[in-house]
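One structure below.
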Amino acid sequence: MYVDSHCHLSMADFVERMPDIRSAMAEARVDRALVICTTLEEFDAVHALALQYDNFWASAGVHPDTEGLKEPSYEELIDLGSRPRVVAIGETGLDYYRLNGRSIADMAWQRERFRVHIRAARTLGKPLVIHTRSASDDTLAILREEGAGVQGVFHCFTETAEVARAALDLGFHISFSGILTFRNAQDLRDVARWVPMDRLLIETDSPYLAPVPFRGKVNQPAYVPHVAAQLSELKGCSAEEIGRVTSANFERLFQLPAAGSAA
Ligand SMILES: [Zn+2]
Ligand SMILES: [Zn+2]
């Protein structure tokens, strides 16, 4: 049994295809998914999925890349983060990849938004879903300043071994996506090889980043076993063992009941 610890399913075309998405999940033995929120405007649609289906959960947060939409206040994040079946704050973090002519100094609004999310997570006692791209130094520095006692995951990990080590030292989990299966991702596979089993998660980040052999197609939670299969080669165990361990890690981090028990 596998868990997709990070997917985006609230877009209209996904919602319309939900019976197919869910039957493909069942066939692939993907029994649970965490549906991730990226804007305040999207929250209701994400939350509705978690309320409708007892094997979906939701996060509450605003992605670092979204600019010009409603800025989340601490109070709003506390409100949304307290709703039933909301188990995480995020995705949040820093993304300096698309600066589009802006300087890193210009991205103070991202850093402030990240701090607000960390404070809300700390108050709520819920884990953070961290997105970091081309910004790992600032991401780690802000976490060290604000994140005492806060748990979470560095999702869709693509950073170096040094960043992985720092994230683990902060007590965070590391989640790998389909990128791990890409031919040019040898450095990332070398990192994944030594990340401790009890800190690993797997995800699709649907609809993006479909793993080999679906690369270039629309990704979906049913594809997460391909990430597990790649990890199992690196770890020298079975894909089922990766599924079992990452599912247990998911339950522990997001404070969920074990699979099969009442939600
Ligand atoms: Zn992300
Ligand atoms: Zn995402």
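The values are calculated or read from the model by the stated rules, or taken from the named source; none is laboratory data. Because the structure is predicted, anything quoted here is derived from the model rather than measured. Because the Cβ atoms are built from the backbone with ideal geometry, glycine has one as well, and the counts that use them run over all protein chains shown. Ligands, DNA and RNA are excluded from the accessible area calculation, which covers all protein heavy atoms including side chains. Shrake-Rupley method; radii C 1.70, N 1.55, O 1.52, S 1.80 Å.
On the given criteria, is ILE174 within 16 Å of ligand 1 (Cβ to nearest atom), open to solvent by 10 Å² or more (accessible area, probe 1.4 Å) and under 18 Å from the mean Cα position of the chain (by Cα)?
no
Condition first: away from ligand 1 (no atom under 16 Å from the Cβ) and under 12 Å from ALA45 (Cβ atoms). Now tell me which residues in the range 1-15 satisfy that.
Passing the criteria: ALA12, PHE14, VAL15.
Pick from the range 50-65 the residues that are closer than 16 Å to ALA259 by Cβ and in a loop (DSSP other than H, G, I, E, B): which of them is most open to solvent (accessible area, probe 1.4 Å)?
ASP54
Could you give me the residue pairs with C-beta distances under 9 Å whose first residue belongs to the range 129-154 and is modelled with pLDDT under 95, whose second residue is in a strand (DSSP E or B) and surrounded by 23 or more Cβ atoms within 10 Å (Cβ to Cβ) wherever it lies, and which are 6+ apart or on separate chains?
GLY147/LEU128
Give the residue, chosen from GLU41, GLU75, GLU16, that is modelled with pLDDT under 95, open to solvent by 30 Å² or more (accessible area, probe 1.4 Å) and more than 15 Å from ligand 2 (Cβ to nearest atom). Can you show your working first?
Numbers: GLU41 fails: modelled with pLDDT under 95; GLU75 fails: modelled with pLDDT under 95.
After ruling out the rest, the residue left standing is GLU16.
As an exercise: evaluate LEU34 against (1) open to solvent by 60 Å² or more (accessible area, probe 1.4 Å); (2) part of a strand (DSSP E or B) and give the number of the one condition it does not meet.
(1)
Which ones in the range 99-129 are under 22 Å from HIS6 (Cα atoms) and in a loop (DSSP other than H, G, I, E, B)?
Result: GLY125, LYS126, PRO127.
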